[in-house]
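See below for the structure under consideration.
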Amino acid sequence: MSLPRVLTVAGSDSGGGAGVQADLKTMLALGVHGMSVITAVTAQNSQGVQGAWELPVSAVRAQYRSVVDDIGVQAVKTGMLGSAELVEAVAELISGTDAPAVVDPVGVSKHGDALLAASALDSVRTRLLPAATVATPNLDEVTQLTGITVDSEGDLRRAAAAVLEFGPRWVLIKGGHLAGDAVDLLTDGAEEHWLRAPRHDNRHTHGTGCTLASAIASGLARGLAVPEAVGAAKEYVTGAIAAGFPLGAG
């Protein structure tokens, strides 16, 4: 039996903690074959992003077609897509691919560095989110996309409803930036799954969003239903945070 194949469409993180590098490590750890479409090259380390260079849309499209048309995919995961043009091209590619898509609407890095042009936000709302099987915004990204500020667990349901209006089949609102336990809400508008995990006293959490989305895509590629894939991914990331280690000065 061949390994399930998962494709990440995301930026490169030279520090190896997030982006395509985190995605491929996660896929390897979860027993699927990871492949990549690089959308941007970044110079980044433990202290932040020092530079970012976007690849042309033609290069992104060529990488995608090359992999999907020959090797095939059982799931696609998207990460950093810097411009409206790139968002629209990737939305078109995943809409035309018969595989579940996990969209991590990357807008802001852990250090607060903007990773998405303001002009691209509308394309995320109208083109990319409607193509998503699961969208995985963090609280900052929820605010960017919907204008809703989540201050407490009680706001998560309202935030999820607002994101679902853009058209993803499921949304996972990541409540990791709230006080108390790390609480996430997964919903398709009809059923709700509340995922709770103890908060680990570990600030080495760079790349957790990339890792979570890749773990969800890996579960979907292995044939799990969305709630099972998300639950398994949350367990994997919680374990990874608990075992996290410091790199660099940041």
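The values are calculated or read from the model by the stated rules, or taken from the named source; none is laboratory data. In this text, all values refer to a predicted model and were calculated from it rather than measured experimentally. Cβ atoms come from the backbone with ideal geometry, glycine included; neighbour counts cover every protein chain shown. For the accessible areas, the whole protein counts, side chains as well, though only heavy atoms, and no ligand, DNA or RNA atoms are used. Shrake-Rupley method; radii C 1.70, N 1.55, O 1.52, S 1.80 Å.
Taking only protein heavy atoms into account and a 1.4 Å probe, give the accessible area per residue of the chain in Å².
On the way: 10680 Å² over 250 residues.
About 43 Å² of surface per residue is accessible.
Starting from the Cα of Ala190, step 7 Å along the direction of its Cβ; do the same at Ala29; then give the gap between the two resulting points in nm.
3.4 nm
Once neighbouring chains are kept in place and the probe is 1.4 Å, which whole percent of the accessible area of the chain is contributed by carbon and sulfur?
Roughly 53 percent, rounded to a whole number.
I'd like to know which of Thr146, Thr42, Leu93 lies farthest towards the positive end of the charge dipole of the chain, counting +1 on Cβ of Lys and Arg and -1 on Cβ of Asp and Glu.
Checked the options; the winner is Thr42.
With all protein chains present and a 1.4 Å probe, how do Trp194, Trp53 order by accessible area, largest first? Let's see the in-between values first.
On the way: Trp194 90, Trp53 145 Å².
Of Trp194, Trp53, the descending order of accessible area is Trp53, Trp194.
In whole Hz, what ³J(HN,Hα) sequence does the range 46-56 give by Karplus (6.51, -1.76, 1.60; θ = phi - 60°), x for Gly and Pro?
In residue order, the calculated couplings are 5, 9, x, 9, 8, x, 9, 10, 6, 7, x Hz.
Taking 20 °C and 1.002 mPa s as the conditions, I'd like the Stokes-Einstein D for the range 5-243 in µm²/s, using the Kirkwood hydrodynamic radius from alpha carbon pairs. Kindly include the intermediate steps, with their values, before the conclusion.
Values: Rh = 17.3 Å.
Using the Kirkwood radius from Cα pairs, D works out to 124 µm²/s.
Quick one: ranking His33, His193 by accessible area, 1.4 Å probe, largest first, what do you get?
Numbers: His33 80, His193 60 Å².
Of His33, His193, the descending order of accessible area is His33, His193.
Could you pull the accessible area for Glu153 with a 1.4 Å probe, rounded to 10 Å²?
70 Å²
Go ahead and estimate [θ] at 222 nm for the chain from helices alone: -39,500 (n - 2.57) per DSSP H run with n ≥ 4, summed, over the residue count, rounded to 500. Please report the intermediate quantities before stating the final value.
Details: 7 runs with 85 residues, N = 250.
Mean residue ellipticity, 222 nm, calculated: -10500 deg cm²/dmol.
Under 20 Å Cα-Cα from Lys25, which aspartates and glutamates qualify once same-chain neighbours fewer than 8 residues away are excluded?
Asp13, Asp104, Glu235
Just the accessible area for Met27, please: 1.4 Å probe, Å², rounded to the nearest 10?
Spelled out: Met27, probe radius 1.4 Å, area about 0 Å².
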